[in-house]
Amino acid sequence: MKITFCCDDTWPDPWLKGLRETLPGAEVSIWEPGAPQADYALVWAPPQQFIDEQAAGLKAMFNIGAGVDALLPLTIPAALPVYRLEDAGMSVQMAEYVCQAVIRFFRGLDAYEADMARGVWQHQRNPRRAEYPVGVMGLGKMGARVAQALTVFDFTVNGWSRSPRELDGVTCFSGMEQLDDFLASTRILVNLLPLHAETENIINARTLGLLQPGAYVINVGRGGHVVDADLIAQIESGHVSGAMLDVFREEPLPAGHPFWTQAKIILTPHTSARTLARDSIAQIVGKVAALSRGESVTGRVDLGRGY
């Protein structure tokens, strides 16, 4: 068995070591142009040349992340099975990140931080939980984990997805026809949608305007979901209180971007849910074994739909 690794901006050593330990009989190598044909590939943002050279002979290609938007611009044969990671230790990280962001805003911890920095000892008002309904856009594995984690803190939690879902403790909306009602029911908006043609720019002046006054935006999906200028304008108008953003249209975020100087926006460097090599390798190896036995596996990507 030959496995090739083609992952931009990813330190390869833990992956190669883990694959060789888990599959001692496999030949594992980093892809280079003109490399011999592999049986399986692990990729992240591969170049088109990789697809052109390797796709015809691959039995499967594994994207080492949950989001596949970096694959969508590529020409990939429809016959090549492409699989994404399912959780692999990322959903609990995402739930941690989102819950702390929601609680920080809800409890006014930013105001306390400012007070402490100025040497001021005072209490902020006690917030009423009922006034802070949370809306989670995207109810895949990570979105569902986030939504249900928030219910533990007794928040009113709404969820929106393209197709109908049912989650305990979560009021679920679906389809574009229910998007406006979902937004109107939401004060804290959490985005975990996949990025494709239908969701690009979905957080814009119109949709932000439908949120409850004093809204807060947490984006852990993709930067392309947010119209940057519209978010800044809504913050400056006061309709949106602020935002916590982990993903951006261009990464790293350029030095001159206005997000850097907007005091009501908290920025983190795409770190809400990091890919864990060991957990991911275990999942991929399990799927390779199942495919070798002729079994079906979950996580196959529909590139036409974008997830």
Taking the chain as a Gaussian network, where each spring joins two C-alpha atoms under 10 Å apart, which residue of Ala56, Ala243, Ala289 fluctuates the most? Ala289
Dipole of the chain, positive end: most advanced residue of Gln234, Leu72, Pro164 [Cβ charges, Cα centre]: Pro164
Take the Cα coordinates of the chain, assign each an equal point scatterer, and use the Debye formula without solvent to give log10 I(q)/I(0) at q = 0.07 Å⁻¹. -0.31
How large is the helix-only mean residue ellipticity at 222 nm for the chain, computed as the sum of -39500 (n - 2.57) over DSSP H runs with n ≥ 4, divided by its residue count, in deg cm²/dmol to the nearest 500? -9000 deg cm²/dmol
Probe 1.4 Å - accessible area at Asp39, Å² to nearest ten: 40 Å²
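Using every Cα-Cα pair within region 153-307, state what percent have a distance larger than 19 Å.
Details: 7389 of 11935 pairs.
Within region 153-307, distances greater than 19 Å cover 62 percent of Cα pairs.
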If exposed means no more than 13 neighbouring beta carbons inside 10 Å and the site is in a DSSP loop, what's the longest run of the chain without any exposed GluC sites (Glu not before Pro)? 1-165
q = 0.13, 0.23, 0.34 Å⁻¹, region 265-307: log10 I(q)/I(0) [Debye, one scatterer per Cα]: -0.49, -0.91, -1.05
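Pairs of alpha-carbon atoms within less than 8 angstrom and 6+ residues apart define the contacts here; what relative contact order does the chain have, in percent? Please list the in-between numbers first.
Numbers: 541 pairs, mean separation 50.5, N = 307.
With pairs under 8 Å counted, the relative contact order is 16 percent.
Any idea what the alpha-carbon Rg over 2.2 N^0.38 Å comes to for region 220-307? Numbers along the way, then the final one.
Details: Rg = 19.0 Å, N = 88, 2.2 N^0.38 = 12.1 Å.
Region 220-307 yields a ratio of 1.57.
How much net charge surrounds Thr271 when only the other residues with a Cβ under 13 Å from the Cβ of Thr271 are counted, with Lys and Arg +1 and Asp and Glu -1?
Numbers: positive: Arg274; negative: Glu96, Asp246, Glu251.
Counting the neighbours of Thr271, the net charge comes to -2.
Give me Rg over Rh for region 71-217, both radii from the alpha carbons and Rh done the Kirkwood way, two decimal places.
Details: Rg = 17.7 Å, Rh = 16.9 Å.
Looking at region 71-217, the ratio lands at 1.04.
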Tell me which lysines have Cα within less than 20 Å of Lys287's Cα, excluding those fewer than 8 residues away on the same chain? Lys2, Lys17, Lys59, Lys141
Could you compute Rg(Cα) / (2.2 N^0.38 Å) for region 1-127, with N its residue count? 1.60
Using alpha carbons only, how many angstrom separate the centre of region 174-229 from the centre of region 97-148? 18 Å
So the angle from the long Cα axis of helix 228-237 to the longest Cα principal axis of the chain, reported in degrees to the nearest 10, equals 10 degrees
Would you mind telling me which residue in Asn201, Asn158, Asn126 has the biggest mean-square fluctuation in a Gaussian network model of the chain, where springs connect alpha carbons within a distance under 10 angstrom? Asn126
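By the scheme Lys and Arg +1, Asp and Glu -1, what is the net charge of all other residues having a beta-carbon under 14 Å from that of Glu113? The partial results should precede the final answer.
Working: positive: Arg104, Arg107, Arg118, Lys264; negative: Asp110, Asp115.
Charge balance in the 14 Å sphere: +2.
Averaged over every viewing direction, what's the projected area of the C-alpha convex hull for region 165-222? Give it in nm², one decimal, please. Mind showing how you got there, number by number?
Values: hull surface 17.2 nm².
Average of the hull's projected areas for region 165-222 equals 4.3 nm².
Below 8 Å between Cα atoms, with a sequence gap of 6+, how large is the relative contact order for region 1-81 in percent?
Worked out over region 1-81, it gives 31 percent.
The values are calculated or read from the model by the stated rules, or taken from the named source; none is laboratory data. All of these numbers come straight from a predicted model, not from anything done at the bench. Glycine also receives a Cβ, built like all others from the backbone with ideal geometry; neighbour counts cover every protein chain displayed. The protein model used for the area step is the full one, side chains on, heavy atoms only, and it has no ligands, DNA or RNA in it. Shrake-Rupley method; radii C 1.70, N 1.55, O 1.52, S 1.80 Å.
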